[in-house]
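Novice: Dumping the structure here so I can ask a few things about it.
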Amino acid sequence: MVCHGELLRTFEISVGELLERSEKSHPIIFQPKQDEVVSACTSLFMRVEQQLCDRNEAAVLRLLIPVTCRDMEALALMTDAGHRLLARYRRTQNSGDLEQSIKHFGRASDLCPMDHPYHPAALFNLATAKFVSCQADGRYIDLDIPISLFQEALDSRATDHPDRSVTQLHLAIALLSRFAKWGSETDADAATGLLSEILEVCHANNHIYRAALIAMEMRALHSAGRLDANDIGQEWAATSMLPLSPNELARRAKWCEQRDEPGALDEVISLHYDALRYYNTGHASRGQLLCNLSASLLTRFKRRGNDKDLDQAIAHEMEALALHPVGHTDRSASLNNLAAQLSSRFKHRGNDEDLDQAIALQREALALRPVGHTDRSMSLHNLAAQLFSRFKHQRNREDLDESRENLLCALTLLSQHDPRQLVVHQLLAEVYLLFHHSGPDGTVAGDNTDRLDAAMRHIKAATNIVSAGLRSRLRASLRWVGHASEHLHSTQLEAYATSMQLLDAYVSVTASVSSRHNAMKEFPSTLAVDAASCALRSGDVRRAVELLEQGRTIIWTQMARLRTPLDSLQSCGDHAVTLVKKFRDLSSLLDRPPASHSEGTSRVVVEAEETRYRCLVEDWNGTVEDIRKIEGFSRFLLPPLFSDRQHAGRDGPIIVLIASRSSCDAIIIPHEQDPTSIQLPTNLGKLVELVLAFREAVDKDAGPNGKQRALMEALRELWKIVVQPVVNNLGGIARQSSRIWWCPTSFFNFLPLHAAGEYRKDGGSLSRHYISSYTPSLTALIKARVSHDRSPSVPFVAIGQNHPAGAVFTLDAVEPELELVRTLLPPPPTVSFSKITSVDATKSTALRALQDNTWFHLACHGTQRFDEPFQSAFLMRDQPLSLLDIAQMDLSRHQFAFLSACETAVGDLRTPDEVIHLAAGLQFAGVKSVVGTLWKVDDATVERVVKAFYTKLCGDGTMNSKRAARALHQAVQSLASDKDIPLAQRIVFVHIGI
């Protein structure tokens, strides 16, 4: 079968012969090995050319990639999908999986014309799925189709093709099924001939040979009248479920190790047990299967904690070691694997015997890997890791000394671009930290700053191993942050900056918006605010702002980066277009895990892999440098500078609120003066309590008793510990009644800062001093201020949906609200007004309307999905209009949006600094000014706020989105004396943007 990941052949060939075959278009033919059935790729056709490397003038071979490489990738994807669905059908009997499997195999077959090398394999896969479908549905009349496909596949395979026997087997089974139903002796004779040929050419221990014997028995039983067509179908199922090849099982096991899918892991383990029952003790593949099974059991143990899995893993690894006696090429690998399993059990149970035995096994493995062996460096690392563990347990200084020496030796054996350097540097850092904390006898605490510095040097070096991949480097950088923070080391701020730069790069090569959000959950949500807090402690306020801008709203920043910088780069000519494609392709390649080499892999193969990595790294760095040479892109992928962001405060100061474990601070950023920081009289714990207090107060009943009192108390506390200290420092920066912008981080995102006050007669309040707006970041505010040519007539659409899909009641106030908006807007030609409501307000019409109108008012149900925030949505008649839909739109010319729906400006507590909500989504998509809501809003409040807001906004007959914040402020102020409107409803609306 054509699929990913299975090692079919390894071979050695001289450069001269390779060039000669390329020139003469001669393929490399692989002869089948004893006891082996291989996949469709039994010959390799490649073209290479000889090139000179610019740096060292040495000859380099490069593959000439055919124009159809995308088709090959599509073929592999289609085929893999077909096999996956067919396997799932056999487990679940879900007919939909079988139908989809046939479709995928059919598409794969369409990509393989007659002369394509994978044409026979594609036919075979399609025939298999169609035959299973015939058996499942009892449609024996349709057997002609898979039989024809099997026959065509067989005709396309030469007599010495290694997959000819398996094709004959499946064709014979299909012919026997048709014979059993219709009684055609021609089918029976043809099947017998095919099976006889299999028995002649296959070894008796080969599973195809055994399957052919089963089929012959089926033929005999049917002739004797003891088997009907249905029985043959059942026997076919048994025959078709013969164990997968060890290489395919290994591929699936590796896939499960990289993804946490419990069902798939259980299935892989079960398949390994099935294979072990088939591959007996004398079979050459049994050792490999035992090792793979042991690794999968260990993975399941780590995820679920079942001791039985751990013990079975060790038992299977011991059996594998017994199959690899002294002198066996795989013995060192088995020794290493068993030592790793025993070390895991020691960490779990603390049994000294397990650890001592693991160290003894690692020493034996190391002895079998002398200097020059490709895996000696990793044996040194593994032995060092277990000696390190024993030192922590037994405090024997000799173990720590030997661990360090082994690691230093391992480093000398690794090339400059070997990804394995990362784990060695990481462990060396841990070793030096133990030296730092230990005296000469290994028990007394010490204060050796040289060793602490060495630890930081090694963990920093780990983050710079580009070939190790972004994910591993990012995790290493977070360790650096932890160690540097714990020891108050001078590299603490550098560690934070490195972590955020790597996080940004890691997210940039993640495929989709939702997967980026999931990726963010894997890493500390407080990374940016902790970094900024660290900068503030060192007295560098500007650096604190830079780090916040670099490490917050990464998902939105990535989307903007892909749309704006790279898109605009593509308009800089053909060279720039080439650079964009090259950058994205290389980033994807570098983020893939490095290739692993089996025991005994030749040095040529290892060096070739190292060369590939080195070329990728050099190409990536070179591409970034080339992009920076283009005008306007000198800071491509570099962190933002404060000087480039301070311009965001040109219309009023920006107050950045930082909540970290160490302190809570406010940074005031004026337009031209230096930024100042204020330490707030609160901490993270009190802030969390205040967030919870607000949620409880808002959720209480709407009556005058209780709720307003609780809410007032929370607003008073917010004024006291956060807002008043800021207001006291704004006197010389912002005049009374002017505008200010709040840029909250962490839990500050969930507080109604604009409404803070004492709520007593003549008491202080923010709204008496300033007009508040919010912004997710300085970058977002700068982007919103970019001006575009305006239409002489403002295109304004009002979209309302009073009865969305799945709703049990109607929003009666929607239609009157839209009509109210129409009456309050200036008449044509100032405003070109349109309205979409009821059955017309579908997702598609709403999207078109949002695209075509630069001003809009939305009145509908709004939902906030905290489990999947990008699925938060405005509910339309047929489908939700989700945040993801909005995020994918270009609204860069849009001026204003009023979101008359519930919870449109509420983010996700798990990733608060990504600011993922509907209002922010509209601003990041390009809308300059947005009015949204913090929680649920009732119809009466909406009507009064809408009337007051639009009267203040455009009562003079003009339309200017910059007046939205002041209009909302005045509208809310005008309702302050209305006792019929609860306090929670008077402060529910917020303004975001310019």
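The values are calculated or read from the model by the stated rules, or taken from the named source; none is laboratory data. No experiment lies behind these values; they were computed from the predicted model shown. Using ideal geometry, Cβ is built from the backbone for each residue, glycine included, and neighbour counts are taken over all protein chains shown. Surface accessibility is based on the protein's heavy atoms, side chains included, excluding ligands, DNA and RNA. Shrake-Rupley method; radii C 1.70, N 1.55, O 1.52, S 1.80 Å.
Novice: Picking from Ala224, Ala264, Ala275, Ala212, which residue would you name as being modelled with pLDDT under 85, open to solvent by 60 Å² or more (accessible area, probe 1.4 Å) and among the hydrophobic types (A, V, I, L, M, F, W, C)?
Specialist: The unique qualifying residue is Ala224.
Novice: Only residues that are more than 21 Å from Ser746 (Cα to Cα), outside any helix (DSSP H, G or I) and open to solvent by 50 Å² or more (accessible area, probe 1.4 Å): list them for the range 616-669, please.
Specialist: Listed by number, the residues that qualify are Lys629, Glu631, Gly632, Ser634, Arg635, Leu638, Leu641, Arg650, Asp651.
Novice: Among the helices (runs of 4 or more DSSP H) lying completely within the range 93-207, list those that include at least 2 residues that are among the β-branched types (Val, Ile, Thr).
Specialist: 119-137, 144-155, 164-182, 185-201
Novice: Looking at Ser568, Ser587 in this structure, which one is among the hydroxyl-bearing types (Ser, Thr, Tyr), assigned to a helix (DSSP H, G or I), at pLDDT 60 or above and crowded, with 16+ Cβ neighbours inside 10 Å?
Specialist: Ser587
Novice: Checking the conditions here, which among Ser777, Ser772, Ser765 is of a type in the set (S, T, N, Q), modelled with pLDDT of 90 or more and surrounded by 23 or more Cβ atoms within 10 Å (Cβ to Cβ)?
Specialist: Step by step, each of Ser777, Ser772, Ser765 is checked, and only Ser772 is of a type in the set (S, T, N, Q), modelled with pLDDT of 90 or more and surrounded by 23 or more Cβ atoms within 10 Å (Cβ to Cβ).
Novice: Just one of Gln341, Gln416, Gln362, Gln426 is open to solvent by less than 20 Å² (accessible area, probe 1.4 Å) and within 29 Å of Asn464 (Cα to Cα); which is it?
Specialist: Step by step, each of Gln341, Gln416, Gln362, Gln426 is checked, and only Gln362 is open to solvent by less than 20 Å² (accessible area, probe 1.4 Å) and within 29 Å of Asn464 (Cα to Cα).
Novice: Looking only at the range 941-958, which residues are out of contact with any Lys or Arg (no Cβ under 9 Å at 6 or more places or on another chain) and either more than 21 Å from Phe833 (Cβ to Cβ) or surrounded by fewer than 19 Cβ atoms within 10 Å (Cβ to Cβ) (or both)?
Specialist: Of everything in the range 941-958, those that are out of contact with any Lys or Arg (no Cβ under 9 Å at 6 or more places or on another chain) and either more than 21 Å from Phe833 (Cβ to Cβ) or surrounded by fewer than 19 Cβ atoms within 10 Å (Cβ to Cβ) (or both) turn out to be Glu943, Arg944, Lys947, Thr951, Gly955, Asp956, Gly957, Thr958.
Novice: Of the residues that sit in the range 140-186 and are acidic (Asp, Glu) and touching a helix residue (DSSP H, G or I) at 6+ places or on another chain (Cβ under 9 Å), which one is surrounded by the fewest Cβ atoms within 10 Å (Cβ to Cβ)?
Specialist: Glu185
Novice: In the range 864-903, which residue that is crowded, with 19+ Cβ neighbours inside 10 Å and of a type in the set (Ser, Thr, Tyr) is modelled with the lowest pLDDT?
Specialist: Looking at the filtered set, the residue picked out is Ser872.
Novice: Checking the structure you have, find out if any residue of the range 808-831 is over 37 Å from the mean Cα position of the chain (by Cα), at pLDDT below 95 and of a type in the set (Phe, Trp, Tyr).
Specialist: So far as the range 808-831 goes, yes, one or more of its residues are over 37 Å from the mean Cα position of the chain (by Cα), at pLDDT below 95 and of a type in the set (Phe, Trp, Tyr).
Novice: Sticking with this structure for a sec: If I filter the range 726-734 for residues that are in a loop (DSSP other than H, G, I, E, B), of a type outside the set (Ser, Thr, Tyr), modelled with pLDDT under 90 and under 28 Å from Gly993 (Cβ atoms), do I get at least one hit? Spell out how you get there, then give the answer.
Specialist: Residues of the range 726-734 in a loop (DSSP other than H, G, I, E, B): 729-734.
From what's left, of a type outside the set (Ser, Thr, Tyr): 729-734.
Subset that is modelled with pLDDT under 90: 731-732.
Adding the requirement that they be under 28 Å from Gly993 (Cβ atoms) leaves 731-732.
Yes: one or more hits.
Novice: Pick from the range 908-960 the residues that are farther than 16 Å from Pro826 by Cβ and of a type in the set (Lys, Arg): which of them is modelled with the lowest pLDDT?
Specialist: Per the stated criteria, the residue is Arg910.
Novice: Those residues that are part of a helix (DSSP H, G or I), open to solvent by 20 Å² or more (accessible area, probe 1.4 Å) and touching a helix residue (DSSP H, G or I) at 6+ places or on another chain (Cβ under 9 Å), I need them from the range 825-863; list them, please.
Specialist: Ser838, Lys843, Leu847
Novice: Mind telling me which of the residues Ala333, Ala367, Ala295, Ala385 ends up being hydrophobic (A, V, I, L, M, F, W, C) and in contact (Cβ under 8 Å) with a residue 60 or more places away in the chain?
Specialist: Ala333
Novice: Still on this structure, I have one more. Among (1) modelled with pLDDT of 90 or more; (2) in contact with a Lys or Arg (Cβ under 7 Å, 6 or more places away or on another chain), there is one condition Phe105 misses while meeting the rest; what is its number?
Specialist: Among (1) modelled with pLDDT of 90 or more; (2) in contact with a Lys or Arg (Cβ under 7 Å, 6 or more places away or on another chain), the lone unmet condition for Phe105 is (2).
Novice: Name the pairs whose Cβ atoms lie under 9 Å apart, with the first residue in the range 736-759 and free of Cβ contacts under 8 Å to residues at least 60 places away in the same chain, the second assigned to a loop (DSSP other than H, G, I, E, B) and open to solvent by 10 Å² or more (accessible area, probe 1.4 Å), and 6 or more positions between them or separate chains?
Specialist: Once the first residue is free of Cβ contacts under 8 Å to residues at least 60 places away in the same chain and sits in the range 736-759, its partners that are assigned to a loop (DSSP other than H, G, I, E, B) and open to solvent by 10 Å² or more (accessible area, probe 1.4 Å) give Gln736/His769; Ser737/His769; Gly757/Gly764; Glu758/Gly764.
Novice: Right, here's the next one. Can you find, within the range 961-994, the residue that is surrounded by the most Cβ atoms within 10 Å (Cβ to Cβ) among those that are assigned to a loop (DSSP other than H, G, I, E, B) and at pLDDT below 90?
Specialist: The extreme case among them is Pro982.
Novice: Going by the structure shown, is Ala127 under 23 Å from Gln93 (Cα atoms) and surrounded by fewer than 21 Cβ atoms within 10 Å (Cβ to Cβ)?
Specialist: Answer is no for this residue.
Novice: Can you tell me which of Ser772, Ser787 is within 30 Å of Arg735 (Cβ to Cβ) and either hydrophobic (A, V, I, L, M, F, W, C) or touching a residue at least 40 places away in the same chain (Cβ under 8 Å) (or both)?
Specialist: Answer to the check: Ser772.
Novice: Going by what's in this entry, would Ala805 be described as open to solvent by less than 40 Å² (accessible area, probe 1.4 Å) and of a type outside the set (S, T, N, Q)? It would help to see each step written out before you state the result.
Specialist: Details: open to solvent by less than 40 Å² (accessible area, probe 1.4 Å): no; of a type outside the set (S, T, N, Q): yes.
Taking the combined requirement at face value, the residue does not satisfy it.
Novice: Given the criteria open to solvent by 30 Å² or more (accessible area, probe 1.4 Å), among the charged types (D, E, K, R) and within 13 Å of Leu918 (Cβ to Cβ), does Arg822 qualify?
Specialist: The answer is no for Arg822.
Novice: Answer yes or no as to whether Lys308 is without any contact (Cβ under 8 Å) to a residue 40 or more places away in the chain, within 35 Å of the chain's Cα centre (by Cα) and open to solvent by 60 Å² or more (accessible area, probe 1.4 Å).
Specialist: yes
Novice: Does any residue of the range 715-725 turn out to be under 14 Å from Val688 (Cβ atoms), in contact with a helix residue (DSSP H, G or I) (Cβ under 9 Å, 6 or more places away or on another chain) and of a type in the set (Asp, Glu)? Talk me through it step by step, then tell me what you get.
Specialist: Step one: list which residues in the range 715-725 are under 14 Å from Val688 (Cβ atoms), which gives 717-718, 721-722.
Cutting the leftovers down to in contact with a helix residue (DSSP H, G or I) (Cβ under 9 Å, 6 or more places away or on another chain) gives us 717-718, 721-722.
From what is left, the residues that are of a type in the set (Asp, Glu) are 717.
The answer is yes, given that some residue of the range 715-725 is under 14 Å from Val688 (Cβ atoms), in contact with a helix residue (DSSP H, G or I) (Cβ under 9 Å, 6 or more places away or on another chain) and of a type in the set (Asp, Glu).
Novice: Within the range 136-144, identify whether any single residue is closer than 24 Å to Ile214 by Cβ and of a type in the set (A, V, I, L, M, F, W, C), and answer yes or no.
Specialist: Within the range 136-144, one or more residues are closer than 24 Å to Ile214 by Cβ and of a type in the set (A, V, I, L, M, F, W, C).
Novice: Out of all the residues in the range 311-335, which are more than 18 Å from Glu364 (Cα to Cα), small (Gly, Ala, Ser) and over 31 Å from the mean Cα position of the chain (by Cα)? Walk me through it before giving the result.
Specialist: Here is the first cut: in the range 311-335, the ones more than 18 Å from Glu364 (Cα to Cα) are 311-313, 315-316.
This time we only want the ones that are small (Gly, Ala, Ser), so: 313, 315.
Hit for the range 311-335 is Ala315, nothing else.
Novice: Right, next: Please go through the range 760-769 and pick out each residue that is touching a Gly at 6+ places or on another chain (Cβ under 8 Å) and touching a residue at least 12 places away in the same chain (Cβ under 8 Å).
Specialist: Residues of the range 760-769 that are touching a Gly at 6+ places or on another chain (Cβ under 8 Å), as a first pass: 763-768.
Passing the criteria: Gly764, Ser765, Leu766, Ser767.
Novice: Also: State whether one or more residues within the range 811-822 are over 25 Å from Ile994 (Cβ atoms) and free of Cβ contacts under 8 Å to residues at least 24 places away in the same chain.
Specialist: yes
Novice: If you check every pair at least six apart or on different chains, which have Cβ atoms under 9 Å apart with a residue in the range 970-987 that is within 16 Å of Ala697 (Cβ to Cβ) and of a type outside the set (A, V, I, L, M) first and a residue that is part of a helix (DSSP H, G or I) and at pLDDT below 85 second?
Specialist: Close Cβ pairs satisfying both conditions: Pro982/Lys707; Pro982/Gln708.
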